[in-house]
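Let me begin by presenting the structure, written as structure tokens, before commenting on it.
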Amino acid sequence: MKIIRGKVFKYGDDINTDVIFPGKYTYTVTEPDEMAKHAMEDLDPEFVKMVENGDVVVGGKNFGCGSSREQAVKCLKFTGVGAVVAKSFSRIYFRNLINNGIPAIVNAELVDSLKAGDKVEVDLEKGTVTTPKGEYTFPAYAPEIQEIINAGGLIPYTQKKLGIK
């Protein structure tokens, strides 16, 4: 069972991958610690100073639109973000989150109820997010998807399944 607890960082609609991780770093920044330093740099310069393990990024419609660069997910992972909640995601970004072990939760009512700084608790097994305004639900993940998230992403999940260390 995975429980995620943290504070909310809330953003709007159409947050694209270039503001999540600036494209100018795509080919020059490859180390996890360095990638984390540039997360949300163009959208929220205070993000990397304030984010803590388990915090939750919340967006509006079409979160993660733009290019399919995986760095726009990895930089959030390397900052310790525990989950991303949005009204909707770009298809590729949604899958990149899951492939990197970050829960992607779609719930418009939940997004509308949250404000920056709210404390939340995400229970992936129950499919609930507890907020200051109450409890919200989201569809449970298929068992295989839950295993990928619990393993920390698709690569560690696959390595475990194949017995590779």
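The values are calculated or read from the model by the stated rules, or taken from the named source; none is laboratory data. On a predicted model such as this, the values are computed, not experimentally measured, just so you know. Ideal geometry is used to build each Cβ from the backbone, glycine not excepted, and the neighbour counts take in all protein chains shown.
The single residue among GLU135, GLU147, GLU121 that is free of Cβ contacts under 8 Å to residues at least 12 places away in the same chain and assigned to a strand (DSSP E or B) turns out to be GLU135. With the requirement that a residue be within 17 Å of ALA116 (Cβ to Cβ) and either surrounded by fewer than 14 Cβ atoms within 10 Å (Cβ to Cβ) or of a type in the set (Gly, Ala, Ser) (or both), what does the stretch 29-45 give you? Scanning the stretch 29-45 gives ALA39, PRO45. How many residues are buried (at least 16 other Cβ atoms within 10 Å of the Cβ), touching a strand residue (DSSP E or B) at 6+ places or on another chain (Cβ under 9 Å) and over 14 Å from GLY82 (Cβ atoms) when one looks only at the stretch 129-146? Residues meeting the conditions: 3. Looking at the stretch 80-104, which of its residues are out of contact with any Pro (no Cβ under 9 Å at 6 or more places or on another chain), among the β-branched types (Val, Ile, Thr) and surrounded by 21 or more Cβ atoms within 10 Å (Cβ to Cβ)? Across the stretch 80-104, the qualifying residues are VAL81, ILE102.
So LEU110 ticks every box in (1) buried (at least 19 other Cβ atoms within 10 Å of the Cβ); (2) closer than 19 Å to GLU52 by Cα but one. Which box is left unticked? LEU110 satisfies every listed condition except (2). Considering only residues of the stretch 60-78 that are within 10 Å of the chain's Cα centre (by Cα) and surrounded by fewer than 23 Cβ atoms within 10 Å (Cβ to Cβ), which is nearest to ILE20 (Cα to Cα)? The qualifying residue nearest to ILE20 (Cα to Cα) is LYS74.
Quick one: is VAL57 surrounded by 18 or more Cβ atoms within 10 Å (Cβ to Cβ), of a type in the set (A, V, I, L, M) and either at pLDDT 95 or above or not in a strand (DSSP E or B) (or both)? For VAL57, the condition - surrounded by 18 or more Cβ atoms within 10 Å (Cβ to Cβ), of a type in the set (A, V, I, L, M) and either at pLDDT 95 or above or not in a strand (DSSP E or B) (or both) - is met. Applying a threshold of 9 Å to beta carbon distances and a minimum spacing of six or more residues, or different chains, the list of pairs starting in the stretch 93-113 at a residue that is under 18 Å from PHE21 (Cβ atoms) and modelled with pLDDT of 95 or more and ending at one that is assigned to a loop (DSSP other than H, G, I, E, B) and of a type in the set (Asp, Glu) reads ASN96/GLU70; ASN99/GLU70; ASN100/GLU70.
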